[in-house]
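The values are calculated or read from the model by the stated rules, or taken from the named source; none is laboratory data. These numbers come from a predicted model, not from an experiment. Cβ placement follows ideal geometry from the backbone for every residue including glycine, while neighbour counts extend to all protein chains displayed.
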Amino acid sequence: MKKVYINSIASISAQKTFDNTSFLKEIEDFEANVINVINPNYKDYIPPAAARRMAKGIKMGVVASKMAIKEAGLETIDAIITGTGMGCVRDSEKFVSAIIDNDEQYLTPTSFIQSTHNTVGGQIALELQCKGYNFTYVHASNSFESALLDAKLQLALNEEKNILIGGVDELGDHTTAIHKIINHIKTEPVKVTQVLQANTKGAVFGEGANFFVLSNEKKNTSYAEVVALKTYNSLPEKDVLQEAVHFLKENNLSTNDVDLLVLGNNGDVDFDTFYHTLSKGFQDTQIAYYKHVSGEFNTASSFGFWLASKILKTQTIPEVVKGNNKTTTSIKTILLYNQYRGENHSFTLLKQC
């Protein structure tokens with residue numbers, strides 16, 4: 001079994017992360033309950049005529065993938081694996097609205113065709129002229145982890161050399177309105193820097209695209225090694241710490257070996273307790289949070305993956321993501337844990353390479 005490395009990263013998020021030379025030094029402190037991405041100049045990557053026809057999720061995915069491939073120093077890749085919870089939800093909403101407005105008659109299929117979840121992966125393949133393996137996982141808040149696991153297995157078994165993976169989700173007005181009605185989104189606007197202390201129900205929703213080139217060939221510029229990954233559809237809160245310890249033990253580690261714990265707290269008072277329970281077993285470990293700066297969405301964990309990769313390479317932790325007062329002189333091992341509303345739990349282990 002070969003080792004798997006992260007050779008490049010790219011992020012389009014609610015912060016200016018598309019500029020990979022900076023690392024969350026200046027934070028956009030939105031006061032909202034729904035936050036959009038800060039868009040890069042799409043015209044630098046996509047012809048304007050083509051960009052106008054693309055849904056936002058497709059543009060984010062195509063540009064982030066091009067950034068990642070460029071940083072990896074590649075012209076193309078062997079496979080494309082994407083994860084998305086809602087796909088191109090805006091086009092889905094357009095199509096459903098057109099059905100209602102036109103009394104189910106005289107419908108153009110364009111929005112339906114562009115709304116499918118694998119549209120982003122397909123568009124990336126067209127842009128790169130990549131005819132290799134192309135798969136999209138739609139596993140709610142474990143969508144990105146499923147893509148990561150698929151890529152890891154293929155690379156470990158030496159079936160491919162370089163695989164592009166990513167997580168992408170966009171906001172849709174109608175879908176957002178429904179989440180507000182059912183209290184999945186906070187009722188009152190809250191500042192980014194205060195989300196985790198809000199102590200109210202619901203999360204601040206966001207969107208984004210985070211892409212990575214994984215390889216079984218290590219480079220001098222590699223960010224980290226992907227050691228292991230484990231997902232659960234359901235996991236009782238009382239078992240979270242036990243499962244984390246077991247996961248570490250499977251990889252010949254203990255809680256003392258973890259230099260940084262990256263958690264997906266989103267400020268929802270009903271479900272952040274899962275993270276609090278886990279933290280009790282890592283009281284001497286430095287902790288980082290990320291969803292207050294990215295917003296919550298199905299593939300928000302890909303932003304956490306981006307954050308952890310960047311921390312391992314730069315050996316710096318931005319002040320805005322620090323979760324406690326612990327300090328670490330050297331960051332060699334990072335454990336990531338994510339869940340959404342008590343479901344779709346994941347543990348990801350990264351190491352300095």
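Just a few scattered comments:
- Top-ranked residue in the range 258-273 [being of a type outside the set (A, V, I, L, M, F, W, C) and part of a loop (DSSP other than H, G, I, E, B); ranked as farthest from Lys186 (Cα to Cα)]: Asp259
- Taking the range 153-192 as the range and being touching a helix residue (DSSP H, G or I) at 6+ places or on another chain (Cβ under 7 Å), β-branched (Val, Ile, Thr) and closer than 20 Å to Ala300 by Cβ as the test, the residues that pass are Ile165, Val168, Thr175, Ile185, Val192.
- One residue from Ala244, Ala209 being outside the structural domain of His174 (by TED's automatic domain parsing), within 28 Å of Thr17 (Cβ to Cβ), surrounded by 15 or more Cβ atoms within 10 Å (Cβ to Cβ) and not polar (S, T, N, Q): Ala244
- Some residue of the range 67-82 being closer than 25 Å to Ala151 by Cα, surrounded by 21 or more Cβ atoms within 10 Å (Cβ to Cβ), at pLDDT below 95 and β-branched (Val, Ile, Thr): no
- Within the range 295-305, the set of residues being more than 19 Å from Leu196 (Cβ to Cβ) and not in a loop (DSSP other than H, G, I, E, B) comprises Ser302, Phe305.
- Residue satisfying condition, being surrounded by 13 or more Cβ atoms within 10 Å (Cβ to Cβ), in a loop (DSSP other than H, G, I, E, B), among the charged types (D, E, K, R) and at negative phi, within set Lys219, Lys230: Lys219
Every residue, every condition in (1) at pLDDT below 95; (2) closer than 30 Å to Asn216 by Cβ; (3) more than 22 Å from the chain's Cα centre (by Cα); (4) surrounded by 15 or more Cβ atoms within 10 Å (Cβ to Cβ), yes or no:
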residue	(1), (2), (3), (4)
Gly87	yes, yes, no, yes
His117	yes, yes, no, yes
Ala125	no, yes, no, yes
Asp169	no, yes, no, yes
Gly172	yes, no, no, yes
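- Number of positions in the range 247-292 that are surrounded by 13 or more Cβ atoms within 10 Å (Cβ to Cβ), more than 22 Å from Ser330 (Cα to Cα) and not acidic (Asp, Glu): 13
- Scanning the range 233-279 for residues that are on the phi > 0 side of the Ramachandran plot and out of contact with any His (no Cβ under 7 Å at 6 or more places or on another chain) turns up just one, Asn252.
Results for (1) among the hydrophobic types (A, V, I, L, M, F, W, C); (2) surrounded by fewer than 19 Cβ atoms within 10 Å (Cβ to Cβ); (3) more than 17 Å from Asn210 (Cβ to Cβ), shown as yes or no for each residue.
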residue: Asn7; (1), (2), (3): no, no, no
residue: Ile12; (1), (2), (3): yes, no, no
residue: Asn20; (1), (2), (3): no, yes, no
residue: Phe23; (1), (2), (3): yes, yes, no
residue: Asp29; (1), (2), (3): no, yes, yes
residue: Ala32; (1), (2), (3): yes, yes, yes
residue: Asn36; (1), (2), (3): no, yes, no
residue: Tyr42; (1), (2), (3): no, no, no
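- Count of the range 101-127 residues, restricted to those that are over 14 Å from Lys56 (Cα atoms) and out of contact with any strand residue (DSSP E or B) (no Cβ under 6 Å at 6 or more places or on another chain), is 15.
- All positions within the range 151-192 that are part of a loop (DSSP other than H, G, I, E, B) and either among the β-branched types (Val, Ile, Thr) or touching a Cys at 6+ places or on another chain (Cβ under 8 Å) (or both): Glu170, Ile182, Thr187
- Flag if Lys310 is among the basic types (Lys, Arg) and either within 22 Å of Leu148 (Cα to Cα) or surrounded by 21 or more Cβ atoms within 10 Å (Cβ to Cβ) (or both): yes
- Residue check for Phe247: in a strand (DSSP E or B) and aromatic (Phe, Trp, Tyr): no
- Verdict on Lys56 being touching a helix residue (DSSP H, G or I) at 6+ places or on another chain (Cβ under 9 Å), under 22 Å from Thr17 (Cα atoms), surrounded by 18 or more Cβ atoms within 10 Å (Cβ to Cβ) and not β-branched (Val, Ile, Thr): yes
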